[in-house]
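Okay, structure first, notes after.
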Amino acid sequence: MNNLLKTTTLTIAAAAVSMALAAGAQAKEWRGWNIHPPEYPVSTGMEEFARIINEKSGGDLEAKVYHGGVLGNQPDAIQQVRLGGLDWAVFNLGPLGEVAPEANVVSLPFIFKNVDAMHKVMDGPAGQQIADGLIKAGLQPLGWYDSGARSFYNTKHPIKTPADLKGMKFRVMSNDLYVQMVAALGGNATPMAYGEVYQSLKTGVIDGAENNYPSYDSSGHFEAAKYYSVTQHLILPECLCINKALYDSLSDDEKKIVQESADASVTVQRAAWAARAEKSKEKVIAAGIAVNEVADKQAFQDAMQPVYDNFLKSNPDLADLVKAIQDAQK
Ligand code: GTR
C-alpha cells in the first residue's frame, strides 16, 4: 500500500471509530487478537487486562480475547488492529518491525545481552522511541510483555556452529531481517505463518524453525523437531497494543483505566512467563528432546555483521537508536 493510501485508509478507519462512539457505542466489545492457546502466559496477561478494564469501568468498557489465532495470522492481524477492524492484541515485535522501522531494531540478532537488559532498554528512552514508531503506524502500545529468548530447533541434528545450519531450511516470522539472519549463518529461510509450521515440519517442507521454550512446547513443534540448540539469537518483547484511533477517542479517565489495567497485566504476564519458561523446558526435556547448549555463541554473533551493516545502510536514521540500545547495556 502506498503512503497516501495508507494514510487515507487510517483516516477513514479513525472516522468510523469516532462515528461509532458518537452514536453511543462505547460499551461495544473490543475484540482482542491472540495467537496463543488460552493457558499460555500471553493469554493470561490479556485475560487479566480484559478483566480489570471491565471491573474498573463498572462494565462500561468491555474487552474480549480471541485465543488460538482464530482471528487470523499475525501479519494480517497487525494490519487489522492498525485499521480498526480489530481493536487490540499482543503482537511480537518481530512482525511489528515490518510496519514500524523503529521496532525493527530489537530484531537485530543478539542486540540484547539478556532479558533483564531488554527490560531496562524497553522501559527507558529507546523503548519510548519504539513506542512512538508504533503510534505513527496506528498502534498505541500499552505495555511490553515477555517472550524470552528464541533458539533454533530442527529435525536433523544439533546446531553447535553456524556451519551446522548449512543445507537446512528454517521457518522464520514475517520479517526480512530474519531471512538475512539465517542466510548469514549459511542456512535457508522461509517466512511462514506460525499456524503452518507444525505441519510443515512433519511433512519435511521445512527442516526447522526458531522459538522460545513455551512456544516450542505449546505449538507441539517439539514433537516434530527433536533437536533444540540454545542459540538465544533473539530476545523479542511483545506489545500489548490497541488501535490508536480507539485509544484517542477515550476520555482521560478511561485512558487511565486502560493504562492501569495494562500495567497490572504486564506484572501478571511476566511472572507467568518466568514460570512457564521453566516448565516448558522441563517438559520437552522429559519428552526426550535433545537440548544442546551452544558453547561458542560468539561465532553466531560474528556472523551477524552483514545483517547489521545492511540494516544501518537502509536505515541510517536508526543508527543512533541502535547505538543507544548497545550503550545502555555496557
Ligand atoms: C511466539 C510469539 C508469537 C509468534 C510466534 C511465531 O513466540 O509469542 O507472537 O510471533 O512466536 O514464531 O510466529
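Every number in this text was worked out from the coordinates using simple rules, so none of it is lab data. Bear in mind the structure is a predicted one, so any value in this text is a computation, not a measurement. In this analysis, Cβ positions are derived from the backbone assuming ideal geometry, glycine residues included, and neighbour counts consider all displayed protein chains.
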Where a label projected 7 Å from the Cα of Lys160 along Cα→Cβ would reach, residues of region 281-324 with amide N under 12 Å: 292-296
How large is the dipole of region 122-277 about the Cα centre if only Lys and Arg carry +1 and Asp and Glu carry -1, each at its Cβ, rounded to the nearest 20 debye? 760
Rounded, prolate or oblate (a/c below 1.5 giving rounded, otherwise prolate when a/b exceeds b/c) for region 65-135 by Cα gyration tensor: prolate
Summing -39500 (n - 2.57) over every DSSP H run of at least 4 residues in the chain and dividing by its residue count gives a helix-only mean residue ellipticity at 222 nm, to the nearest 500 deg cm²/dmol, of -15000 deg cm²/dmol
Residue order, fewest to most beta carbons within 10 Å, for Leu177, Leu96, Leu240: Leu177, Leu240, Leu96
Which of Met118, Met168, Met46 has the fewest other C-beta atoms within 10 Å, and how do the rest follow up to the most? Met168, Met118, Met46
Pick from Pro41, Pro237, Pro125: which is most flexible by mean-square fluctuation in a GNM of the chain where alpha carbon atoms under 10 Å apart are linked? Pro125
If you wrap a convex hull around the alpha carbons of the chain, what volume per residue comes out, as a whole number of Å³? 126
What is the Rg over Rh value, at two decimals, for region 185-330, using alpha-carbon atoms and the Kirkwood definition of Rh? 1.03
Between Asp248 and Ala287, how high is the FRET efficiency from 1/(1 + (r/R0)^6) when r is the Cβ-Cβ distance and R₀ = 35 Å? Nearest 0.05. 0.15
Top mean-square fluctuation among Ile289, Ile78, Ile235, Gaussian network model of the chain, C-alpha springs under 10 Å? Ile289
